[in-house]
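Encoded as structure tokens, the structure appears first; notes follow it.
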Amino acid sequence: MVLEAGGSLLREDERRELPKLGPHDVLIRVAACGVCRTDLHIVDGELRHPKLPLIPGHEIVGTVAALGSDVARAREGDRVGVPWLGWTCGECTFCRSGRENLCDRAKFTGYDNDGGYAEFTAADERFTFPIPTGYGDAEAAPLLCAGLIGFRALGIAGDAERVGFYGFGAAAHIAVQVAQSRGQKVYAFTRPSDSHGQEFARSLGAVWAGGSDEVPPEPLDAALIFAPVGALVPTALAAVAKGGSVVCAGIHMSDIPSFPYEIIWGERVLRSVANLTRKDGDEFFALAAKVPLRTVITRFPLGQANEALAQLRAGRLEGAAVLLPAE
Ligand SMILES: [Zn+2]
Ligand SMILES: [Zn+2]
């Protein structure tokens with residue numbers, strides 16, 4: 001597949017080492033790329049089958065700079081977002097039943113395909129989303145995974161009135177705003193004694209914030225776990241009321257310790273949430289256009305990607321890290 005770069009949006013020197021475009025691909029000049037915990041799991045070798053060598057990054061905001069031969073929708077100059085879901089087969093039982101997030105042959109951005117820790121990237125336009133006006137490039141980047149996965153996890157938790165968030169990082173800080181827009185009450189659980197994180201959660205409207213070793217003042221109807229800590233599963237199960245659900249939203253978690261049956265008895269539900277569908281994205285960005293979501297970000301020049309990952313690993317970031325190629 002040959003790149004048809006013809007556009008005036010590319011400088012002569014930029015045309016030389018561009019990614020190859022498939023027929024449905026657009027070339028994207030990256031404006032911002034968020035740093036997700038999944039990137040850390042990939043870099044640390046905790047996810048087993050990344051393509052190697054690999055450019056990570058799946059929270060990409062940028063401008064379309066060139067079009068593949070069969071691109072139908074995108075135009076040069078459009079601002080688009082590229083999420084984790086990069087391609088699905090459209091043929092398997094999952095794809096044909098509205099569950100393309102589970103497609104056996106799915107390709108993921110920054111894992112199977114090169115991602116956005118780069119000045120340019122290529123993406124299948126059918127899996128990109130327009131970014132609502134009103135969001136800066138860097139502010140929009142965390143919406144592409146942290147925002148989307150939190151949105152899907154909240155959807156799976158249903159219309160729970162009291163929702164607990166275990167792990168108050170990039171995903172939770174956006175999801176609590178979505179929850180509040182629906183009238184749900186937010187309970188935030190941070191690392192024990194992280195009073196700064198608890199203050200951050202209260203500033204975003206949590207009715208209660210405490211350490212993950214604390215018991216909430218009232219039983220929860222649902223709990224979402226964003227921290228990659230399996231020991232939080234029995235903790236969260238013990239905190240939800242009968243009929244409540246615990247949703248694990250991360251792609252990787254340490255082993256879950258055994259627990260007594262009585263804490264899942266009473267029709268409590270434990271499940272995971274995996275990836276996203278394009279329908280999730282359409283719904284989430286429609287919501288983000290209506291409800292202004294405030295993303296708290298720390299900006300890093302692209303050259304400091306390793307520093308951003310180190311700060312995420314150490315739990316020193318508030319909100320989300322975002323890499324900026326132009327800085
Ligand atoms: Zn499929
Ligand atoms: Zn992610």
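FYI, it's all coordinate maths here, none of it is from the lab. Worth saying up front: this structure is predicted, and the values here are computed from it rather than measured. Using ideal geometry, Cβ is built from the backbone for each residue, glycine included, and neighbour counts are taken over all protein chains shown.
The chain gives an Rg/Rh value of 0.98, both radii derived from C-alpha positions and Rh following Kirkwood.
Semi-axes of the equivalent ellipsoid for the range 105-249, computed as √(5λ) from the eigenvalues of its C-alpha gyration tensor and ordered from largest down, come to 29, 16, 15 Å. For the range 216-327, the ratio of Cα radius of gyration to the globular rule of thumb 2.2 N^0.38 Å stands at 1.35. Shown is the FRET efficiency for R182 and V269, computed with R0 = 30 Å from the Cβ-Cβ distance and rounded to the nearest 0.05: 0.95. Neighbours of V247, meaning other residues whose beta-carbon lies under 13 angstrom from its beta-carbon, give a summed charge of +2 when Lys and Arg score +1 and Asp and Glu score -1. Taking the DSSP beta bridges with both ends in the range 1-114, the antiparallel portion is around 95 percent. Residue order for R299, R278, R48, fewest other beta carbons within 10 angstrom first, comes to R48, R299, R278. By the beta-carbon count within 10 Å of each Cβ, the least crowded to most crowded order of R182, R37, fewest first, is R182, R37.
Working note: Cα gyration tensor of the range 274-327, eigenvalues times five, square-rooted, sorted largest first, giving semi-axes of 26, 13, 12 Å. Roughly how tilted is helix 146-157, in degrees to the nearest 10 and between 0 and 90, from the longest Cα axis of the chain? It is inclined by approximately 40 degrees. The residues neighbouring G183, those whose beta-carbon lies less than 13 Å from its own, together hold a net charge of 0 under the Lys/Arg +1, Asp/Glu -1 convention.
Residues in the range 262-292, backbone N under 16 Å from the label point at A241 (7 Å along the Cα-to-beta-carbon vector): list them, ranges by number please. So the set is 266-269. P(r) for the range 1-123, from all Cα pairs and a bin width of 5 Å, is 2, 11, 19, 21, 20, 15, 8, 3, 1, 0 %, short bins first. Sequence-distant contacts, meaning Cα pairs under 8 Å at least 6 residues apart, place the relative contact order of the chain at 18 percent. Among beta bridges from DSSP that stay inside the chain, the antiparallel ones total about 45%. In the chain, the DSSP-assigned H stretches of four residues or longer account for a calculated mean residue ellipticity at 222 nm of -6500 deg cm²/dmol, using -39500 (n - 2.57) per stretch and the full residue count as denominator. Cβ-to-Cβ counts within 10 Å put D114, D255, D39, D159 in ascending order as D255, D159, D114, D39, the fewest first. Working note: Debye formula, equal point scatterers on the alpha-carbon atoms of the range 64-176, no solvent; log10 I(q)/I(0) at q = 0.15, 0.22 Å⁻¹ is -0.81, -1.36.
Pair-distance distribution of the range 186-258: all C-alpha pairs, bin width 10 Å, starting at 0; shares per bin in whole percent are 21, 52, 26, 1.
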